[in-house]
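Laboratory data are not the source of any read-out in this text; all were calculated from the coordinates shown. Keep in mind it's a predicted model, so treat the numbers as computed, not measured. Here Cβ is always computed from backbone atoms with ideal geometry, including for glycine, and neighbour counts include all displayed protein chains.
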Amino acid sequence: MALKRLFIASFVDSKLLADFYKNIKTDFKNAVGGKWVDENNLHITHKFLGDVEENKIASIKEALMPEIDRAHECELYFSGPDTFSLKNPRILFIKAEDKKNTLAGLNSACERAMVKAGFPPEDKPFNPHITIMRMKSVNANVFCELINKRRAETFKKGPQREIKLSLIESLLTPAGPVYKII
């Protein structure tokens, strides 16, 4: 049986974040090394499903109804960048703030549906963010200084007024992942 690498996510408006993302890349070029996420792949992950048998895809989509593939009103603002750990940073991300709690509601609905579909519940609380880089190397002093400076800023981009929940296949290639909405 063929397997597909799947996750459930909400894509963000890459045009809204284009200049912001470009500035982050410029600011951090001497602080980190790794793989930047293609700006067309910027998303907020709700649940990573992993390798799933193709014959289970229809039941996953059905379990996600009526939330999947339709626009949900929201008020998202983006800030950052940030990391979960300054001691051992692995990802650089942009924070997503949701003034209407749409993301939290979608995430709860997604989690309930996937537990019913047989996937284990998440063991970490939902923290809406957009991964922008998977870090392989870090110049610790420069990185910490930049992160601490950026954390103190109140600059925000937005709002994004609509969001969709999508089931996405991740095709891994040497050039990076290719995402396809199923």
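Things to note:
- Qualifying residue in region 87-100 (condition: part of a loop (DSSP other than H, G, I, E, B) and within 15 Å of the chain's Cα centre (by Cα)): yes
- For region 132-144, the count of residues that are within 15 Å of Gly80 (Cβ to Cβ) and among the polar types (S, T, N, Q) is zero.
- Qualifying residue in region 62-79 (condition: over 15 Å from Ile163 (Cβ atoms), in a strand (DSSP E or B) and out of contact with any Gly (no Cβ under 7 Å at 6 or more places or on another chain)): yes
- For region 120-168, the tally of residues that are closer than 21 Å to Ile57 by Cβ and touching a Leu at 6+ places or on another chain (Cβ under 6 Å) stands at 1.
- Glu62 under 30 Å from Asn148 (Cα atoms) and free of Cβ contacts under 8 Å to residues at least 40 places away in the same chain: no
- Among the residues of region 35-58, those identified as assigned to a strand (DSSP E or B) and not hydroxyl-bearing (Ser, Thr, Tyr) are Lys35, Trp36, His43, Ile44, His46, Lys47, Phe48, Leu49, Gly50, Asp51, Val52, Glu53.
- For region 101-133, the set of residues classified as charged (D, E, K, R), outside any loop (DSSP other than H, G, I, E, B) and loosely packed, with under 14 Cβ neighbours inside 10 Å consists of Arg112, Lys116, listed by residue number.
- Whichever residue in region 152-181 is under 17 Å from the mean Cα position of the chain (by Cα) and outside any strand (DSSP E or B) and, among such residues, is nearest to Asn101 (Cα to Cα): Lys164
- Lys149 vs. criteria charged (D, E, K, R), part of a loop (DSSP other than H, G, I, E, B) and under 16 Å from Val32 (Cβ atoms): no
Per-residue answers, yes or no, for (1) among the hydrophobic types (A, V, I, L, M, F, W, C); (2) free of Cβ contacts under 8 Å to residues at least 12 places away in the same chain:
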{"residue": "Lys15", "(1), (2)": "no, yes"}
{"residue": "Ala18", "(1), (2)": "yes, no"}
{"residue": "Tyr21", "(1), (2)": "no, no"}
{"residue": "Thr26", "(1), (2)": "no, yes"}
{"residue": "Leu42", "(1), (2)": "yes, no"}
{"residue": "Asn55", "(1), (2)": "no, no"}
{"residue": "Ala58", "(1), (2)": "yes, yes"}
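- Count of residues meeting criterion [surrounded by fewer than 13 Cβ atoms within 10 Å (Cβ to Cβ) and part of a strand (DSSP E or B)] in region 1-34: 1
For every residue, the table says whether it meets (1) over 27 Å from Gly50 (Cα atoms); (2) touching a strand residue (DSSP E or B) at 6+ places or on another chain (Cβ under 8 Å).
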{"residue": "Leu64", "(1), (2)": "no, yes"}
{"residue": "Ala71", "(1), (2)": "no, yes"}
{"residue": "Leu92", "(1), (2)": "no, yes"}
{"residue": "Lys100", "(1), (2)": "yes, yes"}
{"residue": "Leu106", "(1), (2)": "no, yes"}
{"residue": "Ile130", "(1), (2)": "no, yes"}
{"residue": "Leu146", "(1), (2)": "yes, no"}
{"residue": "Ser170", "(1), (2)": "no, yes"}
{"residue": "Thr173", "(1), (2)": "no, no"}
